[in-house]
Amino acid sequence: MHYRTPRIVQPGSGRPLLWTLLVLLGLFAAGGYLWLQVGQNGGPDPERLQARIAADSARIKALEKERGQLLEQVAMLEQTSQIDRAAVQQVREQLAAFQQERSKMEEELTFLRSMVSTREDREAIRVQRLVIEKGGAEGRYRYRFTITRNMQNGGTASGWVFFAVDGTRGGKPAWLPLREITEEGTEKLKMKFRNFQDIEGEIQLPDDFKPLKVIIEVKPSNRKLPPVKQRFDWKVTG
């Protein structure tokens, strides 16, 4: 029986306008990775984290308002020819980056909220943010996902994670466990964390296999934590 401990991944006249925007982007970059502060082996209590979530939500609204003002300034400057087209294009590119950072920040806030939820019907452990990317060879893929737990439960979660790909092979339904799609024949992945853990790895699919679903099953060693099994559509990014 083979198992692997996954690697834990712990994230001219136009000048004043550009500098203002760059400062805003810096604020977004800092806020977008707030989740790192909760850590995999510790972090703030739920009440403190809720306060940070509220503060960052308010900052998103404020920055969005500032973004609208900057767009108005760009339009005005274009009309009055106060800055050249190259400067306008540069500002527009920065605004696009601004929007991308805003989206990332909202995603991370959603991630944090799921960790401090007090809903009784919420799973104690969840699998989130599955990403699949093409590898360096045909049929080879990289995967990564995050396992989280509700901070209300406290303590350390440990156990095993099982990864499989469901699809068709030769026109017939097929199910490939991790041991059949990894070079080392890994059967399961080890987990041990307090708030969350990032897991990543590589798989090699057969040429005649068409993937449809990814199945991730978490089996905690603590009996108080129920096992979790989630299915995700096979979607390759990048």
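We did not get these values from a lab; they are worked out from the coordinates using the rules stated. Quick caveat: nothing in here was measured; it's all calculated off a predicted structure. Quick reminder, even Gly has a Cβ in these numbers, built from the backbone with ideal geometry, and neighbours come from all protein chains shown.
The simple spin-label model puts a point 7 Å past each Cα toward its Cβ; for Gln99 and Trp175 those points are separated by 4.3 nm. Considering the zone a paramagnetic label at Glu200 would reach in this model (a point 7 Å from Cα along the Cα-to-Cβ line), which residues of region 124-167 have amide N under 18 Å from it? 128-137, 140-148, by backbone N distance to the label point. Structure note, pairs Lys61/Lys229; Lys134/Lys219; Lys134/Lys188; Lys134/Lys229; Lys190/Lys224: Cα-Cα distances above 30 angstrom occur for Lys61/Lys229.
Among the GluC sites (Glu not before Pro) in region 145-238, those placed in a DSSP loop whose Cβ has at most 13 other Cβ atoms within 10 Å are Glu183, Glu184. For the pair Lys61 and Gln90, a Förster radius of 30 Å applied to the C-beta separation gives a FRET efficiency near 0.70, rounded to the nearest 0.05.
Its Cα gyration tensor gives region 122-237 an equivalent ellipsoid, and the semi-axes of that ellipsoid, as √(5λ) in whole Å with the largest first, are 27, 13, 13.
Site pair Asp208 and Trp234 shows an inter-label distance of 1.5 nm when each label is modelled 7 Å from Cα along Cα→Cβ.
With Cβ to Cβ distances under 15 Å as the rule, what net charge do the other residues near Pro211 carry (K, R +1; D, E -1)? So the environment of Pro211 carries a net charge of +1.
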